[in-house]
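Step one of this worksheet: look at the structure below.
The values are calculated or read from the model by the stated rules, or taken from the named source; none is laboratory data. Every value quoted in this text rests on a predicted model; they were computed, and no experiment measured them. Positions of Cβ are backbone-derived with ideal geometry, glycine not excepted, and every protein chain shown enters the neighbour counts. With ligands, DNA and RNA removed, areas are computed over all heavy atoms of the protein, side chains included. Shrake-Rupley method; radii C 1.70, N 1.55, O 1.52, S 1.80 Å.
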Amino acid sequence: MDKYLEEVILLSKWYNKELTDDEFLEKFKLEKIRYRREVPNIAKEKLKEACTLKNGDMMMYYSHLVFSLVFSSKIDFDEIKDSIEEIITGNWHGDHENIAGAFEDIASPKTIEWVYYLALAHQFEGYEGGLAMARKCIHALGKINTPKSKEKLELLANNLNETEELRESAKRELNRHDFTNKDVE
């Protein structure tokens, strides 16, 4: 099993009280235990470390943990925005499509600029699975359902540099939602 996957699994099990403190200390090879309530901070630290090291495997596993903590409101997006920006603009990993999927699941107005960036990123060199990623971003913008997300969908729907398929997908999302949720400043 991958070292980082094992770390994340142990951290998650301990956080969910499926491991005792002693089991966690032994398996995580720690001398001193931190409090369970610190798991979100540990996850954020590890994600930042992954970005600093440009370690795609570590980033992949810790981003999944961080996004699950964001989804459960244990971490606010503002706390991880520097790491997320490094991840979505970085070409040192191949997990952009999964990040787009996480944005689709979370559907937060705080992610609109990142989602829009990723929707356009399929045009850039080095983004494998770019069209699937762009579709996930279009769906995320629809699910966010704010005036600002509507504006980004309109830009995608009218972008002549986009494929007809993606322009039509953006138009469908525009027709599917009322865009009355509030934007976040």
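May I ask for the net charge around Glu49, where only other residues with Cβ less than 12 Å from the Cβ of Glu49 are counted and Lys, Arg are +1 while Asp, Glu are -1? In short, +1. About its Cα centre, the dipole of segment 43-146 is roughly 240 debye, where the only charges are +1 on Lys and Arg Cβ and -1 on Asp and Glu Cβ.
Note on segment 17-95: with charges restricted to the Cβ of Lys and Arg (+1) and Asp and Glu (-1), its dipole about the Cα centre is near 120 debye. Annotation for segment 133-185: trypsin sites (Lys or Arg not before Pro) lying in DSSP loop with at most 11 further Cβ atoms inside 10 Å of their Cβ are Lys182. Taking a straight Cα-Cα cut-off under 17 Å and skipping sequence neighbours fewer than 8 places away in the same chain, the lysines within cross-link reach of Lys171 are Lys136, Lys143, Lys148, Lys150, Lys152. Couplings for segment 138-152, taken from phi via the Karplus curve 6.51 cos²θ - 1.76 cosθ + 1.60 with θ = phi - 60°, read 4, 5, 4, 4, x, 5, 5, 6, 10, x, 5, 5, 4, 4, 5 Hz in order; Gly and Pro are left as x. For the chain, the share of accessible area belonging to carbon and sulfur comes to 46 percent (1.4 Å probe, ligands and nucleic acids excluded).
Across the options Ser108, Gly56, Phe28, the greatest Cα extent toward the positive end of the charge dipole of the chain (unit charges at beta carbon of Lys, Arg, Asp, Glu) belongs to Ser108.
Rg ratio for the chain: its Cα radius of gyration over 2.2 N^0.38 Å, N being its residue count, equals 1.14. Solvent-accessible area of Ile106, all protein chains in place: 30 Å² (probe radius 1.4 Å, heavy atoms, ligands and nucleic acids excluded).
In a reduced charge model with +1 at each Lys and Arg Cβ and -1 at each Asp and Glu Cβ, the chain shows a dipole moment near 440 debye about its Cα centre. For the chain, relative contact order (Cα pairs under 8 Å, six or more residues apart, normalised by length) works out to 14 percent. Using the 1.4 Å probe convention, the accessible area of the chain works out to 56 Å² per residue with neighbouring protein chains retained.
Taking the charge dipole of the chain about its Cα centre, with +1 at Lys and Arg Cβ atoms and -1 at Asp and Glu Cβ atoms, the residue from His122, Tyr4, Ser149 reaching farthest to the positive side is Ser149.
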